[in-house]
Structures are given as C-alpha cells and as structure tokens.
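The values are calculated or read from the model by the stated rules, or taken from the named source; none is laboratory data. Since this is a predicted model, take the numbers as computed values, not measurements. Positions of Cβ are generated from backbone atoms using ideal geometry, with glycine treated the same way; all protein chains shown enter the neighbour counts. Accessible surface is based on the protein model in full, side chains and every heavy atom, while ligands, DNA and RNA are left aside. Shrake-Rupley method; radii C 1.70, N 1.55, O 1.52, S 1.80 Å.
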Amino acid sequence: MIKNFIIGAIASVLIAGASFAADWKVDHSKSEVRFGGTHAGNEFTGVFEKWQADINFDASNLAASKVKVTFDPSTAKTGNGLYDGTLKGEDWFKVDTFKTAVFEAVTFAHTGGNAYTAEGTLQIRDKTLPLTLAFTLDTSGNIAEMNASHSIDRIAYDLGVQSDADAAWVSKNIELKIKVVASH
C-alpha cells in the first residue's frame, strides 16, 4: 500500500512538472486571414471568409506545439465580382476539385522578444511546398494575439498560370496578412 502511494506520488509529480502544449480556441470575430496584390497595376485586397485553425501551442514547450489551419478557397472575397468569380475558377483555386488549402506547422522557434517562426508546409491545389512563417505573439492571461505577414509566389502554386504565367497582369507575389485572437 505504501509502495503504491509512493509510485502514485512520483507519477503525480512527474505529470505536474511536465509541460503540455495548450489547445487554443480562435475568436473568429477578432481574427482574419487577408491577402493582397496588384492586378493591372491596381492594388487589391481580399479575405478568406471561412477557415479553421487547430492550434496546440505552448511557448514554454515549442517541441510539443503544432498548428493546422484549413482554408476554404471558395470563400476568398475581394469585393470585386470579377475577381471573386475568377478566383474560384479552373486557373486559380479550382474550388470544384480542391475544397481546401492547408498550412501545417510542427516546428517552432523563439527568435527573441515576442517573435517566433513556424516551419511547415502550405498546400494549395495539388502543390505542397515548405513555408516558414515569422509571427509575433502577445499574450494577456488566457488570451493571445498572433500577427504574421508573408509573401507567397502564386506561380509556384499554379495559381493563374494558364492566363498570366509571366505575371504581366497579376502580381507574382501575393501578400498574406494573418491576425488570430485565441483563448485557452
């Protein structure tokens, strides 16, 4: 009986001392995933209206952290009917075939202060490429705000290559701006 108590006490200490990554719940009303570039020399911006993030992140245990963000490309909106229709089409997101785009990261590094990097992959259409995302993280109690911006090469993901492979009309680089407010 004493032996079981000691084993139980040791297990409790080990479990209590272990650091487990925290699951975070996204507040979509305060979060957004935006994109932008130029078309015919004019700037445009847009937003993904539907996306889901599975965030398991602990700044004190980066090795156990992981993030998976799934986007619905059919919800990409710029406010311009022509652009919005084109984005859904065969040459761009091809939403009838490719229902999701996915960013998944399993390697994180603290780069100083509130700055981090997440290394993973971004899958758009049938292309999956490595992506390192630099971001800042500010926390207050159980609320965190993550901000990031990153440029992606649309040609590398076969976006718009049938109609504009040389980027004469639409900028080759599309800027992503991400703000996620979450709690745990």
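Computed over the Cα atoms of segment 31-123, pair by distinct pair, the Kirkwood hydrodynamic radius stands at 15.0 angstrom. Matching the structure-derived P(r) over Cα pairs in 10 Å bins from 0, in percent against the labelled list (1) 8, 29, 31, 19, 9, 3, 0; (2) 9, 33, 29, 16, 7, 4, 2, 1; (3) 10, 36, 32, 17, 5, 0 gives the label (2). Computed about its Cα centre, the charge dipole of the chain is approximately 480 debye, with only Lys, Arg, Asp and Glu carrying charge at their Cβ. Taking a sphere under 9 Å around the Cβ of residue 49 and counting the other residues whose Cβ falls inside, with K and R at +1 and D and E at -1, yields a net charge of +1.
With the cut-off at under 11 Å, measuring from each backbone N in segment 40-81 to a point 7 Å along the Cα-to-Cβ line of residue 140 picks out no residue.
On a per residue basis, the chain carries 57 Å² of accessible surface, using protein heavy atoms and a 1.4 Å probe.
With bins 5 Å wide beginning at 0, the percent of Cα pairs of segment 110-184 falling in each bin runs 3, 14, 19, 19, 16, 11, 9, 6, 2, 1.
For the chain, what does -39500 (n - 2.57) per DSSP helix run (n ≥ 4), summed and divided by total residues, give at 222 nm, in deg cm²/dmol to the nearest 500? The per-residue figure over the chain is -4500 deg cm²/dmol. The amide H of residue 76, built 1.01 Å from its N in the peptide plane, has 49 as neighbours under 5 Å, considering only residues 5 or more places off or on other chains.
Within the chain, the longest segment free of exposed loop sites, counting GluC sites (Glu not before Pro) that fall outside DSSP classes H, G, I, E and B and have at most 14 other Cβ atoms within 10 Å, spans 91-184.
The label-point distance for residue 153 and residue 27, in a model that sets each label 7 Å from Cα toward Cβ, rounds to 3.9 nm. Taking other residues whose beta carbon is less than 11 angstrom from the beta carbon of residue 162, and scoring Lys, Arg as +1 and Asp, Glu as -1, yields -3.
Charge tally around residue 76: other residues with Cβ under 11 Å, Lys/Arg +1 each, Asp/Glu -1 each, net +1.
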